[in-house]
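Down below is the structure, laid out as structure tokens.
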Amino acid sequence: MKNKKFIIFTFLLISLGLICFLWDFNNEMILTKEKIELINQDKNLGLVFQTPNMFDIYVRIIHDSILKLIMFLSPLLVVIPAFKNYKKNYIYNYAFILPIIFLYIILVVGIYSKFSLTMPNLYSNEAYFNSNIMFIILTLVNLFLSGIFYINIGILIKKYIKNYFVHVLSVFIIFLLIEGFLQFILIPFISFESGLSLLNLWFNSDCINNLLVTLFLLIINLISFIVIKKKLLD
């Protein structure tokens, strides 16, 4: 029951964050449209106001609103409700939490923008983001794989740390350590200027970057499953 309450509370907070952002964003769009109309009246330039691409709006939400905290808190959104269920057969169902949150945000933004797919302005790889289905699929896959990894970390830590708060904090610290390793050691060492990042799972501006993240997550999940099997048999 507590797990359900946590998940419901999480979605309520996300909904509140979306409402606040879209309220401000809508006011911003109204002002922009009015400015364009004034310019057209004054200089007769024939400018046309277009509803922003729904994925541009999504990027604004992830980077410029309070909901950017999701990128940092992702491990906690999985580990907290999974804490008392590590020995249950359905434990990996909690890995779906992050993909469902992503789909929920995309759906709300899509409804607001009337699923506008005008030419994107914020993306570095327009061909990739015009193929919005590919973006959604790869992001869903990566968020699901990351959820599995966070659960695997939790399973390993639960063997040694039983205290709830210390356990959750430990998973979060490991998450930060892995991110630090990726950003400050691995990527500079191999001169790799791509988006290999656990923080960047919610938005990656290139298909190749997302596929590399998928490969990385598959590898670390495989390693974590091997370690879990060995430790649980000890």
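The values are calculated or read from the model by the stated rules, or taken from the named source; none is laboratory data. What you see is a predicted model, and the numbers here were worked out from it, not measured in a lab. Note that each Cβ is placed from the backbone with ideal geometry, even for glycine, and that neighbours are counted across all protein chains shown. Quick note on the areas: whole protein, heavy atoms, side chains included, nothing else; ligands and nucleic acids left out. Shrake-Rupley method; radii C 1.70, N 1.55, O 1.52, S 1.80 Å.
Please give the length that would be gained between Leu177 and Leu103 if that part of the chain were fully extended, namely 0.36 nm times their separation in residues minus their C-alpha to C-alpha distance (nm, one decimal). Write down the numbers at each step before the final one.
Working: separation 74, 0.36 × 74 = 26.64 nm, distance 2.78 nm.
Contour length minus Cα-Cα distance gives 23.9 nm.
Model label sites at Phe184 and Ile39, defined 7 Å from Cα along the beta-carbon direction, differ in position by 4.3 nm.
For the listed peptides 50-61, 15-26, a ranking on the average number of other beta carbons within 10 Å per residue, highest first, reads 50-61, 15-26.
Atom-type composition of the exposed protein surface of segment 134-178 places 84 percent of the accessible area on carbon and sulfur (1.4 angstrom probe). Comparing Cα centroids, segment 139-174 and segment 57-106 end up 12 angstrom apart.
Here each label is just a point 7 Å from Cα along the line to Cβ, and for Ile228 and Ser15 those points are 3.2 nm apart.
As a quick test, which of the pairs Lys4/Lys231; Lys68/Lys88; Lys4/Lys159; Lys68/Lys230; Lys162/Lys230 have an alpha carbon distance above 28 angstrom in this structure? Each step should come with its number before you reach the end.
On the way: Lys4/Lys231 30 Å; Lys68/Lys88 31 Å; Lys4/Lys159 24 Å; Lys68/Lys230 37 Å; Lys162/Lys230 19 Å.
Too far apart for the 28 Å limit: Lys4/Lys231; Lys68/Lys88; Lys68/Lys230.
A Förster distance of 22 Å, applied to the separation of the beta-carbon atoms of Lys87 and Phe165, puts the FRET efficiency at 0.65.
Here the calculated FRET efficiency for Leu199 and Lys114, from their Cβ-Cβ distance with R0 = 25 Å, stands at 0.25, rounded to the nearest 0.05.
Using the Cβ of Ile30 as centre and a radius below 14 Å, the other residues enclosed give a net charge of -2, where K and R count +1 and D and E count -1.
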